[in-house]
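Chemist: The structure's right below; bear with me while I get my questions together.
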Amino acid sequence: MSSHKEAPAISNDPVADNTDVYAFVSPDRPDTVTLIANFSPLEDPAGGPNFDEFGDDVLYEIHIDNNGDGLPDITYQFRFNTVNTIPSTFLYNVGTIESIDSKNWNRRQFATVTRVSNGGGKDGSSQVLGSDLPCPPCNIGPLSTPNYAALAEQAIHTLPGGCKLFTGQRAEGFYVDLGAIFDLADLRPFQNLHIGSSMPAAPGVNGTKAKNIQSIALQVPACDLTANGAAPTSVTDPNSTIGVYASASRQRSRMLEADGTSTNAGPFVQVSRLGNPLVNEVLIPISQKDLFNSQPPSGDKQFASNVSKPELAQLLPVLYPGAFPNLAALNASGKPRADLLAILLTGIPAGIVPGFQNVTGSGTVQADLLRLNMAIPPTTQSPSNLGLIGMDAAGFPNGRRVFDDVTTIELRALAGATYALVDKTYTPDAAAGAITQGLTSSNTDVSADNTVHYLPCFPYLGTPHGGYYNPGDNTPAPDLNATPLGGPDTGLGGSRHGTDTTKVIGGATLAGAAILAGATALRYQARPSTPAGPDTHSDDRATVAP
């Protein structure tokens, strides 16, 4: 989860398994957008002797749809090349890795990034933005990588046109109680209310605790992503909203040779894709999961029934008797979940939430895309991990920031908290607004339990856990007198652990539709944008296109 091992086929191919996608206006450079695609789920830090890496035989891509047809208008492609510089040793490194060009580092990986516009076809174009860009090593331990933050900073590359790129290991930023969700939705911290449970209520448990991830992070000027090439300034302008998804593809044929090598041939075939979190994970039935991963978002109409009548929404009133009577009635009515179709497949049109919209194009094409209205500035003071339903229009489902509690947001939506947006006669159950994973202290807690090391600057996900320490808690491996890349908190305002506030409408406590239906997105208009600060990573250490 959000898309970790979400389908049978991709579960056996971790280097191609797209686990999370993020798209947000950069809080420290608000004229840019940061796009992040993560791969290789649930990495254990002590992964030697063959530490995790990207696949040289995988085509990684981040796609941008800026006209609403569900097809990519801009694609950033990433390919990797791995070199053993000391082939006579079994070791990943033979001494301290003091820099990313250290002679002590044996297994090194390099990235090439290419920008393709309009599909790269007859009317399209393709530009190599950088080649042979060194990736950092994995965080091994105090003898091998004693100054890991410095190594990571060396792997931030400045590309043409004001872009930045980082490709390498990061701390897993997605937090979720995996054990509870997949134990028949025995959701902590209120498992005592489950029909089959005799356990007392207990705090949530982060299933991704102390895990790492392989991350592709790209920061680009917002004007590079719009259909008209102009900087987005108006929330209501259709050009301000983009749809984002990431994918991984493999060549159609693979031949295993007698000497232990393999040869790949043929056209590339998509084996993994991800837009909104949890769609394939929770909404798509197991018999269609591999098919979903192979399809372009433009064809997602074939999966729309799984969104308009989600299985988990049908189960909640059964699993928690008496807690969701209004949801049970909604389910029995057979009405399609127009709220979920808008949030996940078309974008939220104007007029639903005052002052907000993130529809791509005409809003008629159903496509699983992470939709970002780039004219909404980042929230730099007390951002809410509940995003839009927490009165913070800069967060999910308006794009997705690294600290957004997408599991809680989507569970509340599935439980009916957002249905009142499309049917004013519907009153969400009080339980819908009370659902939580129990992994945050409040809706302004942007550190979350066991994910305390987000960064306020690129690449935003924190220092990966070190293999030597392999922590049982979330304490990152120490950087031993090094200056951490950025800092320990997310957002320029840092973490604030205030009291979780909710709205009460019609007697129902709502952290979903009640907040959305109120004066939600108007707040962002009063929030000052933080001007872009000096670029601390402008010193090129890579080969980039002129």
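The values are calculated or read from the model by the stated rules, or taken from the named source; none is laboratory data. All figures in this text were calculated on a predicted structure; none of them were measured in a lab. Heads up, the Cβs are rebuilt from the backbone with ideal geometry, glycines too, and the neighbour counts pull from every protein chain shown. These accessible areas exclude ligands, DNA and RNA; they are computed on the full protein's heavy atoms, side chains included. Shrake-Rupley method; radii C 1.70, N 1.55, O 1.52, S 1.80 Å.
Chemist: Evaluate segment 67-77: report whether one residue or more is in contact (Cβ under 8 Å) with a residue 60 or more places away in the chain and open to solvent by 60 Å² or more (accessible area, probe 1.4 Å).
Modeler: yes
Chemist: Further question: What is the number of the single condition among (1) open to solvent by 10 Å² or more (accessible area, probe 1.4 Å); (2) among the small types (Gly, Ala, Ser); (3) closer than 18 Å to Asn358 by Cβ that Ser382 does not meet?
Modeler: Among (1) open to solvent by 10 Å² or more (accessible area, probe 1.4 Å); (2) among the small types (Gly, Ala, Ser); (3) closer than 18 Å to Asn358 by Cβ, the lone unmet condition for Ser382 is (3).
Chemist: May I ask you to say which residue of Pro189, Pro203 is open to solvent by 30 Å² or more (accessible area, probe 1.4 Å) and in contact with a Lys or Arg (Cβ under 8 Å, 6 or more places away or on another chain)?
Modeler: Pro203
Chemist: Counting just the residues of segment 17-59 that are aromatic (Phe, Trp, Tyr) and more than 16 Å from the chain's Cα centre (by Cα), which one comes out modelled with the lowest pLDDT? Can you show your working first?
Modeler: Step one: filter segment 17-59 for residues aromatic (Phe, Trp, Tyr), giving 22, 24, 39, 51, 54.
Those left that are additionally more than 16 Å from the chain's Cα centre (by Cα): 51, 54.
On the way: Phe51: 92, Phe54: 97.
Taking the candidates together, the pick is Phe51.
Chemist: So, of the residues in segment 361-375 that are of a type outside the set (Gly, Ala, Ser) and assigned to a loop (DSSP other than H, G, I, E, B), which turns out to be most open to solvent (accessible area, probe 1.4 Å)?
Modeler: My answer is Thr364.
Chemist: If you check every pair at least six apart or on different chains, which have Cβ atoms under 7 Å apart with a residue in segment 434-445 that is under 16 Å from Ala417 (Cα atoms) first and a residue that is outside any loop (DSSP other than H, G, I, E, B) and open to solvent by 30 Å² or more (accessible area, probe 1.4 Å) second?
Modeler: What qualifies is Ala434/Thr509.
Chemist: Given the structure, is Asp28 closer than 20 Å to Ser294 by Cβ and buried (at least 19 other Cβ atoms within 10 Å of the Cβ)?
Modeler: No: the conditions fail for Asp28.
Chemist: Separate question: State the number of residues belonging to segment 263-292 that are in contact (Cβ under 8 Å) with a residue 40 or more places away in the chain and in a strand (DSSP E or B).
Modeler: Residues meeting the conditions: 6.
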